[in-house]
Amino acid sequence: MIRLKTEKQIDGIRKSCKMLSAMFRELIPLVKPGVQTIEIDRWVQDWIRRAGGKPVFLGYRQPKVSEPYPAAVCISINEEVIHGIPSKRKIREGDIVGLDCGIDLGGFISDQALSIEAGRVSRPVHELNVTTRECLYRGIAAVKAGSRLLQIARAVESHAAPRGYGIVREYCGHGVGLSLHEDPHVPNVPHGANPRMTGGMVFAIEPMINMGSGGVDVLEDGWTVVTADNSISAHWEHTVAIVNGATEVLTEPLESFCTELC
């Protein structure tokens with residue numbers, strides 16, 4: 001069931017989103033070659049708590065996975081699509097580093113992701129990253145009160161597929177705001193339910209685009225999703241709301257803060 005939010009609830013979600021984007025602005029310069037991903041997670045946990053929020057990913061449980069997610073931020077590198085677990089692994093020159101995080105601020109949930117180019121990356125990796133970000137904004141442009149939800153997926157697919165990229169089907173965007181994962185599912189390839197978009201809907205749009213096929217596998221840790229063909233993947237996400245008939249991106253664009261990005 002889709003939970004339509006009141007203007008007061010959307011305002012709470014908006015504040016959570018602004019906090020999350022502020023955190024990312026400070027974090028982005030720290031994501032560079034030589035840094036252990038566990039150091040990034042420690043920084044994120046400390047920042048969120050000092051700001052008065054709670055790291056919503058930390059301790060999150062999902063069906064059929066025995067262990068809760070052990071970190072505040074998902075860090076997915078190269079062939080890791082989403083849900084990578086921070087560790088002592090060091091970021092290397094040329095890596096593409098996906099960061100995905102959410103904050104619980106007084107019961108209101110935000111969700112945002114971006115992919116950072118660590119140092120100098122190859123041209124194909126850079127072009128994948130640019131295309132994935134463009135897919136996100138094309139998906140956002142398809143959000144219109146009265147239109148059908150799968151218009152978002154059509155916008156993503158029509159931009160990525162002609163360029164030869166694989167689009168992840170098994171994982172997708174979702175409703176968000178009062179809990180981390182709500183209805184509706186927001187796919188990146190047209191399939192499934194196709195409700196009409198309306199005021200009060202809040203959802204995360206998050207294209208996951210692979211350099212190879214769209215197929216994925218899950219590692220033994222039960223969380224880390226990787227490309228089935230070991231190709232590179234990129235991931236971008238914003239939280240979006242329909243307020244008084246207009247589309248509002250609640251999380252903030254961060255491209256201008258990514259000095260080593262695109």
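The values are calculated or read from the model by the stated rules, or taken from the named source; none is laboratory data. Keep in mind it's a predicted model, so treat the numbers as computed, not measured. Here the Cβ positions follow ideal geometry from the backbone for every residue, glycine too, while neighbour counts run over all protein chains shown.
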Among the numbered criteria (1) out of contact with any helix residue (DSSP H, G or I) (no Cβ under 7 Å at 6 or more places or on another chain); (2) touching a residue at least 40 places away in the same chain (Cβ under 8 Å), which single criterion is violated by Cys135?
-> (1)
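Please enumerate the residues belonging to segment 54-74 that are of a type outside the set (Ser, Thr, Tyr), out of contact with any helix residue (DSSP H, G or I) (no Cβ under 6 Å at 6 or more places or on another chain) and on the phi < 0 side of the Ramachandran plot. Walk me through how you get there before you give the answer.
As a first pass, look at segment 54-74 and keep what is of a type outside the set (Ser, Thr, Tyr): 54-59, 61-65, 67-68, 70-74.
With out of contact with any helix residue (DSSP H, G or I) (no Cβ under 6 Å at 6 or more places or on another chain) added as a condition, the list becomes 54, 56-59, 61-65, 67-68, 70, 74.
Selection gives Lys54, Val56, Phe57, Leu58, Arg61, Gln62, Pro63, Val65, Glu67, Pro68, Pro70, Cys74.
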Lys18 being assigned to a helix (DSSP H, G or I), at pLDDT 95 or above, closer than 19 Å to Ala113 by Cα and not hydrophobic (A, V, I, L, M, F, W, C) | yes
Within segment 117-141, which residues are more than 12 Å from the chain's Cα centre (by Cα) and crowded, with 24+ Cβ neighbours inside 10 Å?
-> Leu128, Asn129, Cys135, Gly139
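Restricting to segment 205-223, count the residues that are small (Gly, Ala, Ser), farther than 13 Å from Val156 by Cβ and under 19 Å from the mean Cα position of the chain (by Cα). Give the steps one after another, and end with the answer.
Of all residues in segment 205-223, those small (Gly, Ala, Ser) come to 212-215, 222.
Filter again for farther than 13 Å from Val156 by Cβ, leaving 212-213, 215, 222.
Now narrow it down to the ones that are under 19 Å from the mean Cα position of the chain (by Cα): 215, 222.
Summing the residues that are small (Gly, Ala, Ser), farther than 13 Å from Val156 by Cβ and under 19 Å from the mean Cα position of the chain (by Cα) in segment 205-223 gives 2.
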Residues located in segment 34-71, provided they are of a type outside the set (S, T, N, Q), surrounded by 16 or more Cβ atoms within 10 Å (Cβ to Cβ) and in contact with a Gly (Cβ under 8 Å, 6 or more places away or on another chain) | Pro55, Val56, Phe57, Tyr69
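Would you kindly identify the strands (runs of 3 or more DSSP E) lying entirely within segment 43-135 that contain at least 1 residues that are among the acidic types (Asp, Glu)? Before you say what the answer is, go through the steps one by one.
On the way: elements: 73-77, 80-82, 96-105, 108-117.
Of the strands (runs of 3 or more DSSP E) lying wholly inside segment 43-135, those with at least 1 residues that are among the acidic types (Asp, Glu) span 80-82, 96-105, 108-117.
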